[in-house]
1. At positive phi and at pLDDT 85 or above, is that true of Glu432?
2. Let me spell it out: the conditions are (1) surrounded by 14 or more Cβ atoms within 10 Å (Cβ to Cβ); (2) touching a residue at least 60 places away in the same chain (Cβ under 8 Å); (3) touching a helix residue (DSSP H, G or I) at 6+ places or on another chain (Cβ under 8 Å), and Trp250 meets all of them except one. Which number is the exception?
3. Take the residues in the stretch 73-106 that are part of a loop (DSSP other than H, G, I, E, B) and acidic (Asp, Glu), then tell me which one is surrounded by the most Cβ atoms within 10 Å (Cβ to Cβ).
4. Would you be able to say whether some residue in the stretch 351-360 is modelled with pLDDT of 90 or more, under 26 Å from the mean Cα position of the chain (by Cα) and surrounded by fewer than 13 Cβ atoms within 10 Å (Cβ to Cβ)?
5. What do you reckon, is Gln396 modelled with pLDDT under 90 and surrounded by 14 or more Cβ atoms within 10 Å (Cβ to Cβ)?
6. Within the stretch 501-524, can one find any residue that is closer than 30 Å to Ala123 by Cβ, in contact with a helix residue (DSSP H, G or I) (Cβ under 8 Å, 6 or more places away or on another chain) and not β-branched (Val, Ile, Thr)?
7. Taking into account only those residues within the stretch 457-477 that are surrounded by fewer than 23 Cβ atoms within 10 Å (Cβ to Cβ), touching a helix residue (DSSP H, G or I) at 6+ places or on another chain (Cβ under 7 Å) and hydroxyl-bearing (Ser, Thr, Tyr), which is nearest to Leu50 (Cα to Cα)?
8. Condition first: assigned to a loop (DSSP other than H, G, I, E, B), over 19 Å from Tyr75 (Cβ atoms) and without any contact (Cβ under 8 Å) to a residue 60 or more places away in the chain. Now tell me which residues in the stretch 1-54 satisfy that.
Amino acid sequence: MGIATIRETDRIAASLGEIQEALPIFEHADNVCQAGVLFMLPALLSQGLLKGKEIYQNLKKGYYGLVSTLLLLAYMSLSRIKTPEQLKTCKPGELGKLLGLDRVPEAKCLRSKIEQIVSQGKADEFNHSLSRQWIEEDETSYFYIDGHVRVYHGYQANLTKKFVSREKLCLAGTSEFWLNNELGLPYLVVTGELNEKLKDIINEKIIPALLEDTANLISEEELASDAKRPRFTIVFDREAYEPAFFKSLWEKYRIAVITYRKAVKDKWAAEDFQNYKAQVIGKQVEMKLAERRVILSDIEMREIRKLSDSGHQTSIITTNEQIVIETVAGKMFSRWSQENFFKYMVQDYEIDKMIQYGVEAIDPHKKVVNPSYKQLNYEIKKLREKQNRLKAKFYQIIEKNLDGDLEQMKEKIAEQAELQEKIASYQIETDEKLKARKQTAYYIELKDMPADKRFNKLKTESKLFMNTIKMIAYRAETAVANLLVPYYKKSENEIRMLVKEIIKSDADLIPDYKNKTLTVRLHSLSTPRANQTAKKLCKFLNKTETIYPDTDLQLIYKIV
């Protein structure tokens, strides 16, 4: 039955279909590896991990059920076990004790459980139900939207190429568009299929979801009583810059925007700027700001500029008329919290990892830029570059002829003639390419592409499901980190390191079925101040009176 298997009766019953799943049974265990992850359980439950139990149906009868699978995936994310295959490097019996089972499933079994979950096709519903809960709890009205490219290095899928800023290259990949708050906490993720623009994703996917999720935060009566009050405000970078788009968001939905202005050429006088204190990612920052009314594409809006010490002026525009100038600047510059979120999630949670292999077809009637048209564009560009290089060399020879003697001039004239002939041949070839491009459609439907080159997409359901699990884990980790901030100096730089140390620490598990408690006794951390902070955390967690899922055991937290 495998290493660390001790519940043979339950396993036989599960194999015969006599039980739906094995229920957790805890036994006294000392020095359980990475049992500190149980300190995250109250936060995981408060962030809605078990909402998956409401969304998904029970899995097929077996030893491991839906709840144990959800808990295991969350524990794995927090413990930085990034794929099912990495379970092979862990002690199965130690991790099993965290679930109240004898051992965790093998990689093949866990992948089978994930497949049973994602085959129900409810990852989007799972994510949306959580985003609605998180938004209502946070009572936020500012949402940050940005895209993240997941680079693809495989060969099964034909994916469109995208510019990857961190690589400074155009590479095949999939775009994911994330919705966060100003502190970087995630709410929602939407996966693109082709080369969708940020503006289109906002309009078609994110706005409908936000309208539903924020329905309880502001009423139509409140909006009607104040003509300048926005339903909420979205913040994004220049990628979605289009004044007409901003106008349509306000007129259709009463949604305001804050973004950077594009193509700013003029400079405002330095004496127009005044000192202000703005909140940027929870910190107070002093900056020099100025404001004017501006008309862009016949649309009037506010323009705020920040003057840096070097004299550079950063231009921000907004359609939100109710917030003061320093709030506009603070909200805009808080956008870096989302960049920090992407960096952390890639490094610690491996959000770019592929969960499930395989590809899916895209709607054949979707239109894309014709690859043949793009290829002709590329060839025309290269031909013109060659022409320009030859022309530059040609004009240099003419200048030298003006100052040279007659004998050298004869040689140069022959060289000039040869260059003219090459330039003319390149021009003929360029004209032919231009003629071919004129006869080539710029957009074509996917069905019109050759079958071997037709764009498709990677399987999205499993990736969205795991993204949602990782969002829950990240939010749980952040919630615990925020609890420790008042008790830990240098919290900004070191608080997450402390949380990760707690997660990776060993602990003793002491069940008491008579008094219905499960005590998690954390082993000593690396420093006295870390131990003192952990004691403060224990007091707070004990006040939550958390019951371990599928048991009647209340969790009691202690530190040795």
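The values are calculated or read from the model by the stated rules, or taken from the named source; none is laboratory data. Not measured: the values here are computed from a predicted model. Positions of Cβ are generated from backbone atoms using ideal geometry, with glycine treated the same way; all protein chains shown enter the neighbour counts.
1. On the way: at positive phi: no; at pLDDT 85 or above: yes.
For Glu432, the condition - at positive phi and at pLDDT 85 or above - is not met.
2. (3)
3. Step one: filter the stretch 73-106 for residues part of a loop (DSSP other than H, G, I, E, B), giving 79-83, 90-91, 100-106.
So of that shortlist, the ones also acidic (Asp, Glu) come out as 102, 106.
Working: Asp102: 23, Glu106: 16.
Ranking the candidates gives Asp102 first.
4. no
5. Values: modelled with pLDDT under 90: yes; surrounded by 14 or more Cβ atoms within 10 Å (Cβ to Cβ): no.
No, not satisfied.
6. Step one: list which residues in the stretch 501-524 are closer than 30 Å to Ala123 by Cβ, which gives 502-504.
Filter once more, so that each one left must be in contact with a helix residue (DSSP H, G or I) (Cβ under 8 Å, 6 or more places away or on another chain): 502-504.
Filter again for not β-branched (Val, Ile, Thr), leaving 504.
The answer is yes; a qualifying residue exists.
7. Ranking the candidates gives Tyr474 first.
8. Matches in the stretch 1-54: Met1, Leu16, Gly17, Glu18, Ile19, Gln20.
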